[in-house]
Amino acid sequence: MDPLTISLVRSSFKSIGAIPDGEDTFARSFYAILFATHPETRQHFPAAMDLQRDRLMRAIRYVIDQLETPESVFPLLAQLGRDHRKYGVKEDHYTAVGEALLAALANLAGPELWTDETDHAWRLTIALIASIMTEAANSDEGPPTRVGTVIEHRRVLDDLAIVRLELDHTMTYEPGQYVSVQVPGRPRMWRYLSLATPPTPDRIVEFHVRRVSGGWVSPAIVGESQIGDTWLIGSPLGSLGTWRDPRRSRLMIAEGTGIAPLRAQLMDTAQRRGTPRTHLFVSGTYPCDLYDLDMLWALTQTHPRLTVIPVTEHSDDPWWHPGTSHTSGRMHDPLTGQISRVVAEYADWTDHDIEVVGSPSMVRTTKYRLMAAGVDAGNIRHDPLY
């Protein structure tokens with residue numbers, strides 16, 4: 001895209017963000033226009049739209065930020081196009097969405113900011129996005145969704161469950177990716193979950209799910225899932241496991257269930273020769289939150305260049321001090337403190353490729369601390385929309 005088009009799109013969108021509650025007003029206006037002009041699209045969305053509006057704004061912000069780096073944003077748009085097949089989306093739906101976006105933007109920006117040039121720039125951008133998504137969707141020959149049958153539901157903590165499912169069709173995915181899922185009793189409420197294991201010939205997948213206070217889906221998964229339940233599972237998303245240099249040393253940082261996509265990668269590489277030196281920091285608020293330490297310890301036995309460092313913000317268990325955990329040369333004695341500070345002060349990471357998985361605030365704080373310590377921002381990776 002040419003610089004003028006990018007500039008017009010960014011400046012007009014920024015002007016909306018400068019209005020009090022501008023982004024929320026824009027999202028509400030967009031969906032109101034879409035549902036009024038194309039009422040048949042309402043069936044694809046949940047009754048409660050708050051989370052959906054938040055996802056829309058995050059996606060738009062990310063795409064606009066990355067317009068100058070198509071190698072970053074185009075693969076994501078292609079994945080989203082394949083994932084949207086689960087809604088039964090057709091090409092005319094993209095036209096409807098584009099027109100609703102333009103109308104919402106023009107209404108909020110006003111005639112002084114919404115010039116013919118701005119309108120043209122947005123039309124070019126929306127057309128490019130739609131073409132990438134539709135082309136990817138049309139080229140995908142697999143089913144739009146898989147059906148997964150729950151074969152194991154293990155509640156490892158009061159607010160956390162490990163769920164294993166058997167898929168009805170094979171699913172090609174890279175370790176580190178995530179998928180959208182829909183569970184019984186929560187129609188049209190798709191939630192993103194990371195795959196905690198690499199692909200297996202027996203079509204078994206595993207998810208680690210923590211109950212979110214006030215949430216709709218995670219409490220149902222943690223507290224209500226039963227053996228035999230069937231889930232709908234969308235196409236794989238994300239590129240977390242795609243490393244630029246397979247030989248370069250790696251730093252992996254996980255908070256809570258953020259360990260899932262990282263362990264999937266480690267399980268996949270444990271048996272390979274020439275795997276890079278890897279440090280994995282896994283964190284929780286309390287020691288009990290490090291529910292997967294046994295698995296990680298086992299990985300250190302088969303992954304000779306893996307070092308695991310457990311970290312918690314609070315230490316109130318009697319075993320939680322050096323010398324009493326099942327540490328080895330590659331399973332570090334536990335540390336206490338905020339994960340971002342512990343990692344940044346632990347070593348010099350400027351020659352490592354880095355992955356960070358956790359809450360948005362944890363990812364931001366960790367990224368900023370590492371950059372302040374001299375790490376190039378281009379060496380730090382995290383999924384933008386998950």
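The values are calculated or read from the model by the stated rules, or taken from the named source; none is laboratory data. Predicted model only: the values in this text are computed from it and were never measured. Quick reminder, even Gly has a Cβ in these numbers, built from the backbone with ideal geometry, and neighbours come from all protein chains shown. Accessible surface is based on the protein model in full, side chains and every heavy atom, while ligands, DNA and RNA are left aside. Shrake-Rupley method; radii C 1.70, N 1.55, O 1.52, S 1.80 Å.
Test Thr312 against the criterion of being over 27 Å from Thr242 (Cβ atoms), surrounded by 19 or more Cβ atoms within 10 Å (Cβ to Cβ) and at pLDDT 85 or above, and give yes or no.
Numbers: over 27 Å from Thr242 (Cβ atoms): yes; surrounded by 19 or more Cβ atoms within 10 Å (Cβ to Cβ): yes; at pLDDT 85 or above: yes.
Yes, satisfied.
Those residues that are in a helix (DSSP H, G or I) and farther than 18 Å from Thr95 by Cβ, I need them from region 44-58; list them, please. It would help to see each step written out before you state the result.
Here is the first cut: in region 44-58, the residues in a helix (DSSP H, G or I) are 44, 50-58.
Within region 44-58, Asp50, Leu51, Gln52, Arg53, Asp54, Arg55, Met57, Arg58 meet the criteria.
Provide a single number: the residues in region 4-51 that are exposed (fewer than 12 other Cβ atoms within 10 Å of the Cβ) and either in contact (Cβ under 8 Å) with a residue 24 or more places away in the chain or polar (S, T, N, Q) (or both).
So the count comes out to 4.
Taking into account only those residues within region 180-215 that are open to solvent by less than 10 Å² (accessible area, probe 1.4 Å) and out of contact with any helix residue (DSSP H, G or I) (no Cβ under 8 Å at 6 or more places or on another chain), which is farthest from Phe45 (Cα to Cα)?
Once the filter is applied, the top-ranked residue is Val205.
Scan region 113-148 for residues that are part of a loop (DSSP other than H, G, I, E, B) and touching a Lys or Arg at 6+ places or on another chain (Cβ under 7 Å) and report the count. Don't jump to the end; show me each part of the working.
Of region 113-148, the ones part of a loop (DSSP other than H, G, I, E, B) are 113-115, 140-145.
Now narrow it down to the ones that are touching a Lys or Arg at 6+ places or on another chain (Cβ under 7 Å): 140, 144-145.
Qualifying residue count, region 113-148: 3.
Conditions tested, residue by residue: (1) closer than 25 Å to Met267 by Cα; (2) at pLDDT 95 or above.
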position	(1), (2)
Thr170	yes, no
Glu174	yes, no
Met189	no, no
Pro201	yes, no
Ile204	yes, yes
Val209	yes, yes
Val217	no, no
Ile227	no, yes
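Could you figure out which of (1) free of Cβ contacts under 8 Å to residues at least 24 places away in the same chain; (2) more than 29 Å from Glu71 (Cα to Cα) isn't true of Arg272?
Of the numbered conditions (1) free of Cβ contacts under 8 Å to residues at least 24 places away in the same chain; (2) more than 29 Å from Glu71 (Cα to Cα), the odd one out for Arg272 is (2).
Would you please name the residue that is surrounded by the most Cβ atoms within 10 Å (Cβ to Cβ), looking only at residues in region 256-309 that are under 19 Å from Gly358 (Cα atoms) and of a type in the set (Val, Ile, Thr)?
Ile259
Working only within region 93-119, note down all residues that are open to solvent by 60 Å² or more (accessible area, probe 1.4 Å) and without any contact (Cβ under 8 Å) to a residue 60 or more places away in the chain. Can you show your working first?
Start the filter on region 93-119 by keeping residues that are open to solvent by 60 Å² or more (accessible area, probe 1.4 Å), which leaves 95, 99, 107, 111-113, 116-117.
Result: Thr95, Pro111, Glu112, Asp116.
Of all residues in region 194-208, which are assigned to a strand (DSSP E or B) and out of contact with any His (no Cβ under 8 Å at 6 or more places or on another chain)?
Going residue by residue through region 194-208, those that are assigned to a strand (DSSP E or B) are 194, 204-208.
Of everything in region 194-208, those that are assigned to a strand (DSSP E or B) and out of contact with any His (no Cβ under 8 Å at 6 or more places or on another chain) turn out to be Ile204, Val205, Glu206, Phe207, His208.
Test Thr336 against the criterion of being in contact (Cβ under 8 Å) with a residue 24 or more places away in the chain and open to solvent by 50 Å² or more (accessible area, probe 1.4 Å), and give yes or no.
On the way: in contact (Cβ under 8 Å) with a residue 24 or more places away in the chain: yes; open to solvent by 50 Å² or more (accessible area, probe 1.4 Å): yes.
Criteria met by Thr336.
Say we look at region 181-238 and pick out the residues that are farther than 27 Å from Ala137 by Cα and of a type in the set (Lys, Arg); which of these is farthest from the chain's Cα centre (by Cα)? Give the derivation first.
Narrowing region 181-238 to residues farther than 27 Å from Ala137 by Cα: 185, 208-216, 218-229.
Okay, now just the ones that are also of a type in the set (Lys, Arg), so 210-211.
Values: Arg210: 15, Arg211: 17 Å.
The qualifying residue farthest from the chain's Cα centre (by Cα) is Arg211.
Filter region 275-300 down to residues that are in a strand (DSSP E or B) and touching a residue at least 40 places away in the same chain (Cβ under 8 Å) and give me whichever is nearest to Arg155 (Cα to Cα).
Taking region 275-300 as the starting set, the residues that turn out to be in a strand (DSSP E or B) are 278-284.
Subset that is touching a residue at least 40 places away in the same chain (Cβ under 8 Å): 279, 281, 283.
Numbers: His279: 28, Phe281: 23, Ser283: 19 Å.
Top of the filtered list is Ser283.
May I ask you to list pairs of residues, at least six apart or on different chains, whose Cβ atoms are under 9 Å apart, with the first in region 242-254 being closer than 18 Å to Asp376 by Cβ and modelled with pLDDT of 80 or more and the second being open to solvent by 30 Å² or more (accessible area, probe 1.4 Å) and aromatic (Phe, Trp, Tyr)?
Matching pairs, first to second residue: Arg250/Trp243.
Restricting to region 128-166, name every residue that is open to solvent by 40 Å² or more (accessible area, probe 1.4 Å) and among the hydroxyl-bearing types (Ser, Thr, Tyr). Outline the logic, then answer.
Narrowing region 128-166 to residues open to solvent by 40 Å² or more (accessible area, probe 1.4 Å): 128-129, 131, 135, 138-141, 143-144, 147, 149, 151-156, 158-159, 164, 166.
Listed by number, the residues that qualify are Ser131, Ser139, Thr149.
Here are Ser239, Ser249: which of them is open to solvent by 30 Å² or more (accessible area, probe 1.4 Å), within 15 Å of Ser194 (Cα to Cα) and out of contact with any Cys (no Cβ under 7 Å at 6 or more places or on another chain)?
Details: Ser249 fails: within 15 Å of Ser194 (Cα to Cα).
Checking each option against the conditions leaves just Ser239.
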